[in-house]
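The values are calculated or read from the model by the stated rules, or taken from the named source; none is laboratory data. What you see is a predicted model, and the numbers here were worked out from it, not measured in a lab. For neighbour counting, all protein chains shown are included, and Cβ atoms are generated from backbone atoms with ideal geometry for every residue, glycine included.
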Amino acid sequence: MKVNLTDVFLNEGKILALEVPYEKEVFESQVGSFTIKEKTPVKLKISNIGQSKALVEGQISLTMAMNCARCLKDVDYTFDLELSEEVVSPDNASSQEDDDMNFMDGYHLDVEVLVDNEILLNWPMKILCKESCKGICKMCGKNLNDGDCGCDDFVPDPRMAAIKDIFNANKEV
Ligand SMILES: [Zn+2]
Ligand SMILES: [Zn+2]
């Protein structure tokens with residue numbers, strides 16, 4: 001969805017408030033491809049802040065289908081994004097070198113590109129189904145959150161062995 005900013009660029013004090021849809025059903029990027037399960041429209045407020053300059057502020061909430069990094073279970077991850085970006089009109093001479101404004105297409109703001117940039121900036125370091133996720137057994141592949149699989153993944157270490165013996169002895173009492 002593209003929004004024409006010509007009016008805002010040209011008129012001092014002009015403020016444009018609008019809601020535009022985020023049209024994609026799937027978020028695709030170098031981090032992978034994720035189904036968007038829920039999304040709000042993008043709420044935008046675009047204010048003139050000087051000759052050929054505008055401040056774009058916006059909000060959107062998006063929920064994507066992801067997987068737990070440890071056990072691969074489906075996890076819904078929600079991004080609550082706040083956008084704030086100063087943009088300059090293409091006829092503003094100083095903007096010519098500024099090529100990081102990939103969300104501008106002439107006088108039009110490409111809202112999805114703007115939102116996508118923000119999603120990537122807010123991409124989580126690690127997705128977990130829960131902080132204490134035990135992951136999957138490396139031997140049999142069972143999800144250890146559903147219980148112990150009984151595989152012997154014990155790493156032989158004399159100190160650990162001693163502790164394990166004490167443990168087992170206590171259990172039998
Ligand atoms: Zn998990
Ligand atoms: Zn196992």
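Within region 7-21, if we keep just the residues that are assigned to a helix (DSSP H, G or I) and of a type in the set (A, V, I, L, M), the residue that is surrounded by the fewest Cβ atoms within 10 Å (Cβ to Cβ) turns out to be Leu10. Across region 122-162, the qualifying residues are those that are among the aliphatic types (A, V, I, L, M) and exposed (fewer than 10 other Cβ atoms within 10 Å of the Cβ), and the one among them that is modelled with the highest pLDDT is Met125.
Just to confirm my filter: which strands (runs of 3 or more DSSP E) fall fully inside region 30-118 and include at least 2 residues that are of a type in the set (D, E, K, R)? Outline the logic, then answer.
Numbers: elements: 32-39, 42-48, 53-67, 74-88, 108-110.
Per the criteria, 32-39, 42-48, 53-67, 74-88.
One line per residue, one yes/no per condition, for (1) among the charged types (D, E, K, R); (2) more than 16 Å from ligand 2 (Cβ to nearest atom); (3) within 30 Å of Cys129 (Cβ to Cβ):
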{"residue": "Val8", "(1), (2), (3)": "no, yes, no"}
{"residue": "Gly32", "(1), (2), (3)": "no, yes, yes"}
{"residue": "Leu44", "(1), (2), (3)": "no, yes, no"}
{"residue": "Ser52", "(1), (2), (3)": "no, yes, no"}
{"residue": "Leu55", "(1), (2), (3)": "no, yes, no"}
{"residue": "Ser61", "(1), (2), (3)": "no, yes, yes"}
{"residue": "Asp100", "(1), (2), (3)": "yes, yes, no"}
{"residue": "Tyr107", "(1), (2), (3)": "no, yes, no"}
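Being exposed (fewer than 12 other Cβ atoms within 10 Å of the Cβ) and either farther than 30 Å from Met139 by Cα or of a type in the set (Asp, Glu) (or both) holds for only one residue in Glu25, Glu57, and it is Glu25.
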